[in-house]
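Presented below is the structure to which this report refers.
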Amino acid sequence: MNRKNRSASNFGAKLAGLLMVAASIAGYQTVAVQWAQAAQTNEQAIAAVNAYNQQVTSLEQTQNDAAQESLYQDGVYQGSGTGFGGEIVLSVSVEGGQIISVEALSHTGEDDAYFSLAQSMLPEMVARQTWQVDTVSGATFSSSGILEAAENALGQAVKS
Amino acid sequence: MSVQTEKAPLTPAQQKKRQILLSKRLRSAVQTFFFFAMPGAFVAGFSGAKSLMEQMGSGAPLEWNGFLKALVGLCLFTILFGRFFCGFACAFGSLGDAVYALSGVIQTKLLHRKKRITFPRGALLWGQKVKFLLLAVILLLSFLGIYRSYSGWSPWSVFSFLTALRFRLDGYLPGAILLLLILVGMAFQERFFCQFLCPMGAVFALLPVPPFGQLHRNPEQCLKGCNACRNNCPVNLKLEPDGFRNGECICCEKCAGICPKSNLNRWDRTLLKREWLTVILRAGLLFALGVWMGVCRFF
């Protein structure tokens, strides 16, 4: 009777041992899969950053190439021309070989009504990357003053 | 007209002797079959254990491979049927039996000694613990990822090369020497490698085999001071109702054959009444398993 009661013990001990081994292996596998997934996520993030860096570098490269091909030297240039009633002074900014802005610094001799019409030429110059844009009808003198000033400014920007 | 002399029927003692002889022959036949069919089975199975430890040591997620399949297959079979694999199918075990038998024949015929050398029981029991230490060391070295640098020491690798008829053993000199020493041991102690040195055997010995899955002995029916089973047993085991050492049993069933009171039995022996049938059925199942595990050399 005594033996029977103890009979679970050796078989039971071996069974418990086997179950512990199986549980350890299962536990290890869960953790290892997590580790592998985390490593993979890291690698994907690294790859994404590398790809972005690659993009930026090639974009900079393109920009540099464009700058080297452009007529214009980077910088801010002022040019003046004669409008209807006086001098019109424009400031032209060139960056990366591109005209990025054209602004009116002074136009004292112009009537606001006419100058404000002619002003639409300034953004057009940036859009078309040239000072040679169409004049605005009805504001001929202001327009020609603007053209002169822009030609003047960009003339200074031309690479020698 | 000649008269046919009636053959006298065999006495119970003669019947018993004949039964033992037939069992022995059946076992030898099954061992020979498996020796050619799947000699690499135990190496594949143990490689599964090593591979498991290596993967865990490297921190990578575990991947199912052919070796793990072999390990799981053999362990499941052993949990259900005990160490039948060891007793009937393992090529190394069969080699040990063959070497021991041959050594016995040489000693009888050439040296004229009938009695085999026996070692003290205490030494045998101590020796049987060594394989567990060996198992622990090999698993640890695998976990640490440094076992591979010692693989030239493996005698069972050398043995598996020889069974594949590969005789180039570059880098395996230590293993070859160990194999030679093991063969010497096998000549003087039955199942020398299996009980003292086999790490796969150590794994099997630790598996929870349900009591009904193995031969069991009813102590109450035993003759006082008998020990015939233990004296005949290759691993010096007297089966206990819940003995821890029952894990040493390699299912050779020599005890069942010799017991004067037929006191050793198992559910399928009782059910099928024919020992050879229980052997053939388990052998067939193991062969099918071997095919599934991919260790069968026939296809």
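What the table below lists for this structure:
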item: Selection count where residues are within 23 Å of B:Gly104 (Cβ to Cβ) and either surrounded by 18 or more Cβ atoms within 10 Å (Cβ to Cβ) or charged (D, E, K, R) (or both), scope segment B:172-184; result: 2
item: Residue count, segment B:208-250 (criterion: out of contact with any Leu (no Cβ under 7 Å at 6 or more places or on another chain) and farther than 20 Å from B:Pro260 by Cα); result: 8
item: Members of segment B:25-55 that are buried (at least 21 other Cβ atoms within 10 Å of the Cβ) and among the aromatic types (Phe, Trp, Tyr); result: B:Phe34, B:Phe42, B:Phe46
item: Matching residues in segment B:269-298 - criterion: being open to solvent by less than 50 Å² (accessible area, probe 1.4 Å), aliphatic (A, V, I, L, M) and touching a residue at least 40 places away in the same chain (Cβ under 8 Å); result: B:Val279, B:Ala283, B:Leu286, B:Leu289, B:Met293, B:Val295
item: Residues of segment B:251-265 classified as part of a loop (DSSP other than H, G, I, E, B), polar (S, T, N, Q) and open to solvent by 20 Å² or more (accessible area, probe 1.4 Å), total; result: 1
item: Selection status of A:Gly27, within 14 Å of another protein chain (Cβ to nearest Cβ) and farther than 30 Å from B:Gly59 by Cβ; result: no
item: Residue within segment B:128-144 that is of a type in the set (Val, Ile, Thr) and not in a helix (DSSP H, G or I) present; result: no
item: Subset tally (residues that are within 14 Å of chain A (Cβ to nearest Cβ) and assigned to a helix (DSSP H, G or I)) for segment B:75-111; result: 5
item: Selected residue (criterion: least open to solvent (accessible area, probe 1.4 Å)) from residues of segment B:214-250 that are more than 26 Å from B:Gln189 (Cβ to Cβ) and at the interface with another protein chain (Cβ under 10 Å from one of its Cβ atoms); result: B:Asp242
item: Residue match in segment A:85-103 (condition: open to solvent by 70 Å² or more (accessible area, probe 1.4 Å), free of Cβ contacts under 8 Å to residues at least 60 places away in the same chain and not charged (D, E, K, R)); result: yes
item: Positions within segment B:129-171 being under 20 Å from B:Ser58 (Cβ atoms) and open to solvent by 90 Å² or more (accessible area, probe 1.4 Å), in sequence order; result: B:Leu140, B:Leu144, B:Arg148, B:Ser149, B:Tyr150
item: Residue within segment A:37-57 that is assigned to a helix (DSSP H, G or I), within 14 Å of another protein chain (Cβ to nearest Cβ) and either surrounded by 13 or more Cβ atoms within 10 Å (Cβ to Cβ) or of a type in the set (Ser, Thr, Tyr) (or both) present; result: no
item: Single condition A:Ala139 does not satisfy, out of (1) more than 31 Å from the chain's Cα centre (by Cα); (2) free of Cβ contacts under 8 Å to residues at least 60 places away in the same chain; (3) open to solvent by 30 Å² or more (accessible area, probe 1.4 Å); result: (3)
item: Any chance A:Leu90 is more than 14 Å from every other protein chain (Cβ to nearest Cβ), farther than 30 Å from B:Phe244 by Cβ, at pLDDT 90 or above and in contact with a strand residue (DSSP E or B) (Cβ under 7 Å, 6 or more places away or on another chain); result: yes
item: Hits in segment A:58-76 - residues which are loosely packed, with under 12 Cβ neighbours inside 10 Å, among the acidic types (Asp, Glu) and touching a residue at least 12 places away in the same chain (Cβ under 8 Å); result: A:Glu69
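The values are calculated or read from the model by the stated rules, or taken from the named source; none is laboratory data. All values derive from a computational prediction rather than experimental measurement. Ideal geometry is used to build each Cβ from the backbone, glycine not excepted, and the neighbour counts take in all protein chains shown. These area figures cover heavy atoms from the full protein model, side chains too; ligands, DNA and RNA do not enter into them. Shrake-Rupley method; radii C 1.70, N 1.55, O 1.52, S 1.80 Å.
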